[in-house]
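S.K.: Below you will find the structure I want to go over with you.
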Amino acid sequence: MVAGRFAPSPSGRMHLGNVFSAMLAWLSAKSQGGEILLRIEDLDPSRSKTEYAEAIMDDFRWLGLLWDRRAENQSCRGQVYREALRLLEEKGLVYPCYCSRDQLHAASAPHASDGRLIYAGTCRSLTPEQRAEKAKQPALRLILPHREIRFTDGLQGDYAMVLDEDMGDIIVRRADDVAAYQLAVVLDDGTEGVTEVVRGRDLLSSTPVQLYIYELLGLKAPKFYHVPMLLAPDGRRLSKRDGDLDLGVLREKMKPEEILGMLANWAGILDHPESVSAKELASVFSWDKVSSKDITVHEKESPFLRGI
Ligand code: GLU
């Protein structure tokens, strides 16, 4: 049985790019008679909000992109992640890392694009107790070997990476004891019966390291499809942070069938941005039609977006 998944991070309302990936995940699974699993990726307690998770689920329902199965939220799976970390520790594959984000930045030449912050002096006034507390829990890094990992992406074709040179040892547990995304996503997809992962092309470069983790944990890897990014006319990616065309705004102005038709047209599934239901799209969907290139969203060219 084919099983795809929605794996939203509830750190904001979905934007069109999120819906684009989710729609393709749904269409791929449904066109093969498969199912969709929903997993709320609320690993990061400082960024995740229940209200966003609720809004995202409501947006999926409104769009007619219904899921068949709900997996446990990542925030409830600490025990599973700890168990896997213990396994990696036993095999001598991880080591504690005491570097702070600032120290890591200090090791590389400053670039204007770093987003470097002026340090506010927070640690200057810590009490000895606070210092002891902070020193207690280091992050854990996974040792990445000198090995090339190759795979064939369903949309982007062949992709290869030399783990130690192109990626470097990755954090698998943060200093605040939260499992890192790369570990959690592998454990979840690998144990929740997911057979295909459809997600944004920005995660293509994470896939080789995830394939390596699948191997370490003895889990079967799914098939991957990395779909194009939606770009604003100035070339930047649509993102939650910019509040670009998020579903809160779009739901006021468009019908769900109009949004799906517009996205399907951008993807290459429909020749025109006609109004269409998710079910209707599933009957004409095929990966052969889907473009692998990023898509620039010109608001004026899309009749449905005019005036937004
Ligand atoms: N939770 C991630 C996101 O919303 C998706 C991770 C994945 O698809 O592997 O960006």
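S.K.: Averaged per residue, what accessible surface does the chain expose to a 1.4 Å probe, in Å²?
M.R.: 51
S.K.: Using a Cα distance threshold of under 20 Å, what count of lysine pairs results for the chain when pairs must be 8 or more residues apart or interchain?
M.R.: 12
S.K.: Local charge sum around Gly248 (other residues, Cβ-Cβ under 10 Å, Lys/Arg +1, Asp/Glu -1)?
M.R.: Every neighbour counted, the sum reads -1.
S.K.: What FRET efficiency comes out for the pair Cys76/Arg124, r = Cβ-Cβ distance, R0 = 35 Å, nearest 0.05? Walk me through the numbers before you get to the answer.
M.R.: Values: r = 37 Å, r/R0 = 1.07.
Taking R0 as 35 Å, the efficiency between Cys76 and Arg124 is 0.40.
S.K.: Using only Cα atoms, what Kirkwood radius does the chain have, in angstroms? It would help to have the intermediate numbers written out before the result.
M.R.: Values: mean 1/r = 0.0474 Å⁻¹.
Result for the chain, one decimal place: 21.1 Å.
S.K.: Where the accessible area of the chain is counted over protein heavy atoms with a 1.4 Å probe, how much of it, in %, is carbon and sulfur?
M.R.: 50
S.K.: Dipole size in debye (nearest 20) for segment 3-78 around its Cα centre, Lys and Arg Cβ +1, Asp and Glu Cβ -1?
M.R.: 140
S.K.: Between Phe6, Gln32, Gly64, whose Cα lies farthest towards the positive end of the dipole of the chain when Lys and Arg beta carbons carry +1 and Asp and Glu beta carbons carry -1, centred on the Cα centre?
M.R.: Ranked along the dipole, the leading option is Phe6.
S.K.: Positive end of the dipole of the chain, charges at C-beta (+1 Lys, Arg; -1 Asp, Glu), about the Cα centre: which of Ser283, Leu16, Ile259 has its Cα farthest in that direction?
M.R.: It is Leu16, whose Cα lies furthest towards the positive end.
S.K.: On to the next question. Could you tell me which of His226, Thr195, Val297 has its Cα farthest along the dipole of segment 159-302 towards the positive end, charges placed at Cβ (Lys, Arg +1; Asp, Glu -1), taken about the Cα centre?
M.R.: Most positive-ward Cα: Val297.
S.K.: Can you say what percent of the DSSP beta bridges in the chain, counting only those with both residues inside, are antiparallel? Round to 5.
M.R.: Given both bridge residues lie in the chain, the antiparallel proportion sits at roughly 55 percent.
S.K.: Normalise the Cα radius of gyration of segment 113-272 by 2.2 N^0.38 Å (N = residues in it) and let me know the number.
M.R.: For segment 113-272, the normalised Cα radius of gyration comes out at 1.36.
S.K.: Which order do you get for His226, His272, His298 if you rank them by accessible area with a 1.4 Å probe, largest at the top?
M.R.: His272, His298, His226
S.K.: Please identify the trypsin sites (Lys or Arg not before Pro) of segment 190-280 that satisfy two criteria: DSSP loop assignment and at most 15 other Cβ atoms within 10 Å. Which are they?
M.R.: The qualifying sites are Lys220, Arg236, Arg241.
S.K.: Here's something else I'd like to know. Based on the alpha-carbon gyration tensor of segment 147-198, what equivalent-ellipsoid semi-axes (square roots of 5 times the eigenvalues) come out, in whole Å, largest first? Display every interim value, and only then the final one.
M.R.: Values: eigenvalues 101, 70, 11 Å².
So the equivalent ellipsoid measures 22, 19, 7 Å along its semi-axes.
S.K.: Within 10 Å, at most 12 other Cβ atoms, and a DSSP state outside H, G, I, E, B define an exposed site. Report the longest part of the chain free of exposed chymotrypsin sites (Phe, Trp or Tyr not before Pro).
M.R.: For chymotrypsin sites (Phe, Trp or Tyr not before Pro) (loop position, at most 12 other Cβ atoms within 10 Å), the longest site-free span of the chain is 120-308.
S.K.: Charges at C-beta only: +1 for Lys and Arg, -1 for Asp and Glu. How large is the resulting dipole of the chain about its Cα centre, in Debye rounded to 20?
M.R.: Here the chain has a charge dipole of around 460 debye.
The values are calculated or read from the model by the stated rules, or taken from the named source; none is laboratory data. This structure is a prediction, so every number in the text was calculated from the model and none was measured. Note that we place each Cβ from the backbone using ideal geometry, even for glycine, and neighbour counts take in every protein chain shown. Heads up: the accessible areas ignore ligands, DNA and RNA and are worked out on the full protein's heavy atoms, side chains in. Shrake-Rupley method; radii C 1.70, N 1.55, O 1.52, S 1.80 Å.
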